[in-house]
Structures are given as C-alpha cells and as structure tokens.
1. Most fluctuating residue of Phe258, Phe156, Phe390 in a GNM of the chain with Cα springs under 10 Å: which is it?
2. What are the ³J(HN,Hα) values, in whole Hz, obtained from phi via the Karplus relation 6.51 cos²θ - 1.76 cosθ + 1.60 with θ = phi - 60°, for each residue of region 11-21 in sequence order, with x given for Gly and Pro?
3. Pairs of Cα atoms under 8 Å, at least six residues apart: use those to get the relative contact order of region 318-442, whole percent.
4. Using amide H atoms built in the peptide plane, which far-off residues or other-chain residues are under 5 Å from Tyr49 H to H?
5. So what are the ³J(HN,Hα) numbers for region 157-162, from phi and the Karplus equation (6.51, -1.76, 1.60; θ = phi - 60°), rounded to whole Hz, Gly and Pro as x?
6. Assuming a ≥ b ≥ c are the square roots of the Cα gyration tensor eigenvalues, decide whether the chain counts as rounded (a/c under 1.5), prolate (otherwise, with a/b larger than b/c) or oblate.
7. Given the options Leu197, Leu47, Leu82, state which has the largest fluctuation in a GNM of the chain using a 10 Å cut-off (strictly under) for Cα springs.
8. For the ranges 266-272, 58-64, 91-97, 289-295, what's the packing order if you count other beta-carbon atoms within 10 Å of each residue, average per peptide, and put the highest first?
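Just so you know, all these numbers are worked out from the coordinates, no wet-lab data involved. Since we're looking at a predicted model, the values are computed, not measured. Here Cβ is always computed from backbone atoms with ideal geometry, including for glycine, and neighbour counts include all displayed protein chains.
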Amino acid sequence: MSHMIYPTTNFAATETMNIARGDGIYVYDNHGKQYLEGMSGLWCASLGYNNAELIEAATRQMETLSFAHMFSGKTHDVGMQLADTLTAMVPVDDARVFFGSSGSDANDTQIKLLRYYFAAIGKPEKRKIIARERSYHGVTVAAACLTGLPINQANFDLPIDALGILRTDAPHYLRGKQDGESESQFVDRITANLEALILSEGPETIAAFIAEPITGASGVIVPPADYYEKVQAILNKYDILFWADEVITGFGRTGNDFGSTTMGIKPDMMSFAKQLSSAYVPISASVIRGDMYAAMIDPCSKLGVFGHGYTYSAHPLACAVALKTLEIYERDNVFAKAAATGTYLQTRLREFNDHPLVGEVRGTGMIAAIELVANKETGEAFKDGKVGYFAANACQEHGLISRPVAGSSLALCPPLITTATQIDEIIEKMGKALDDTLAFVQ
Ligand code: PLP
C-alpha cells in the first residue's frame, strides 16, 4: 500500500487497479491490460485520452503564462475568452461566470453568490436552499450539505441545518412510487410535497432549488417527462431560483448541449466542471443570470467586496484547455454526433431488459444505468451493494470500466467520441458481466 489517503474508498481496502496510460476511449493498467473506459473516468473525460490538440493547448499556455490570478481587478485574455465563450453557450440570460477548480467548489461559490445577491437586494432572509434526496452535489462541507446521499454525510457532523438546506423527494418513480400509483400521480404527489415544504418554511426564506437535471452518482435518474415543468411552475410562483447542477450533464452528455435543454429547464444558475475541460485539467464554473450580477454592483461598495475567490480561479492553463475543449465540441459537432451514438447506446442497452437480473434500464444520450434487482417480478432491490460491486468487477474482468452506483445499479457514461462499433463492444462486455453476476447470485 502507498501512503495515499484515497478519496471515497474504504480505508481497509487494498489497491485494485493501477491505470498507467490512456489513448482514445481506452485506458491501460500497469500490466498492459486494455479497458474500454465506459465511465469517462468519473463522468468527465468526454474527448477521451491523449488528445493531441488539448495537449498542445496546455503546452502552449504553460510556455506563455503558467499562472496569473484574478483578484482585485487583474485579468488575462484566455480567462476572458473562456468566460465569453462559455456564457454565449449556456441557456442562462446574459450569463456571468465565476471560475474554480471542482464541481464541489462551484457549488460552494453558488451558495456564496446567492447569499451575497439576496443581501444586495435587501432580502438577506432569503437564504435556504431546497435540495433533493439521493442527489450528489459534491463533498466540500457546504456541497456535502446539499448532497442527499447518506455515505457523503454520515460521520461528518455537517452543518446542514445551519446552512438552511431543506430536502425534497427524489424523482425516481421505480423506487419512490407508492402502492398502485401511476407515474403522473407520483409526479403530482412529489411536486405537491415540494409546494407544501415551501409554504411551511415560508417562500420569503427560500433562495433556490438545486437539481441535477439527470442525476449521476445517485443512479442516473431521469425524472418523468412532466416533473420539471411542474417544479418550475411552483418555483416561479414563489420566486425561487432554479439552480441546475450540470457538473455531469453539461456539454453534450444527455443528447443535447445541456441537461437543462434535454429536460426543458430554464435555469437561473448553472454549475459546471468535468467536461468543461474534458477533465484534462481541473476547472469549474458557476454561472448566474446577468441581472443578478448587475444587482450586486452598486451595493458592493456598501456591503464590501465579494470576499470569495480561489488562488486558482481562472487558472490560465485550465482556461486554455477548456477553451480548446469548447472549440473542439463546436468545430467537430461533438454534441450532435454524441446524440446519435447515445440513441444507439440507449437502444442497445434496453436489450438487457430481458435479462433475469435487470430491473430497469435508464438514461438518455450518453449516460445510462442498469439497475440489478433481487426479484424481477416485484422489482425488489438487493439488500446491499455487493451485487453491484461484483458486476462492476466482472465488467472490469472483461475489459470494460463501469461503476456501481446507488447500491446495485451499473452506470455507463462513455466518452462522447465513442463510436457505434465501440458501443457494440460495451454491450458485448456488459452482457458477459451480467451473466457472470447471475451465476454469482444463483
Ligand atoms: N455535482 C455533481 C452533479 C457531480 O456529479 C459532482 C461530482 O461527481 C460534483 C458536483 C462534485 O464535483 P467534484 O468531484 O469535481 O468536486
């Protein structure tokens, strides 16, 4: 064992895989074994590995300007270019953007922007945030309070109440429905719960509702078709902002440019990281509406400067690589091509609906999950995550990297550049792993 303290890992576990290099959509371990990276790393390496243009952009930027900060009025061209390119793409009106280094810090920044904004417009009491059960928004102290997964909250004594984080239902029909409830009755019930929560807390105390348009870590939950329309109507009624956490769903992942587009959401704020730079370098972005930014300008001299910024906010290297990534997305029509490949992936994955272990195949575009169940007839879940881990390991044996999420679901999130032939390869390897898993549980 090395001296590493590993992230999101059982301290008693031993090291199981040592990745040595990557090329295209494949990675190779230290013994030379090839794996199809069916998770794009951690839902992030959208353009795959060893992309010559991204390496070249990074090298050139390191030679030109390896560091410059953005505090107290300083700036640099590559940072401003990225801000302008990104804000022109997003479905937020006259967007403004703050850069950081991770999805978690992007969400922390949004909490600060919300607090500062509502203080600036004379509504400091509007500070609570509604987050959902089974959501994932990161792991810094504040972002972990937003996250709705027990594993990220247990044992950390998080200041969830102090931060004013409220919790509402996860929009997962399979696991959330009550006896005999139709999908539309389910949506009516959970959106009525949302409205009741808002009324009991007082709408004047609630700043925003945060949601991943389609979730990732909590099992790739694609909400029912009319869910967001109903949520958005309630939020509009009570003057509550829609904050889309697009750390996974941003940039062509869901069959469109953004998850908000796919799900018909009109967000006021968006958080990005991961695919913003195709994960070649760490960078995140917190986007807000232009009028929110404008409303903070004059009050700033009274409130004091916005005292929030990271040494690495808009790091030139990260900006240069992100800028090149966005250029490649646009120039190579990456989102439209990924949408077509995604349709094929979703069709082929649904062939597993007939498999005795498969309870649900979910997803859209190039993100999916297969939920394994103990009883196909009743949909009864496995008691713990052992079967999911076994299945992910079986995938690995067959040369496919998948990820166990939400107990016994297997996630897939292949690079956007994956071809139809490589989708066939994923399906073949996944099929073998499912059969191995069936033999394991029988
Ligand atoms: N938000 C979402 C939706 C995520 O999926 C993640 C990470 O997976 C985060 C935030 C946190 O990002 P990071 O791990 O870069 O802090």
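1. Largest GNM mean-square fluctuation: Phe156.
2. Here the 3J(HN,Hα) series is 4, 7, 6, 9, 5, 10, 8, 10, 7, 9, 7 Hz.
3. Normalised by residue count, the contact order of region 318-442 is 23 percent.
4. Asp23, Gly24, Ile25, Tyr26
5. 6, 6, x, 4, 5, 4
6. oblate
7. Per the Cα network of the chain with a 10 Å cutoff, Leu197 tops the list.
8. Descending mean neighbour count gives 266-272, 91-97, 289-295, 58-64.
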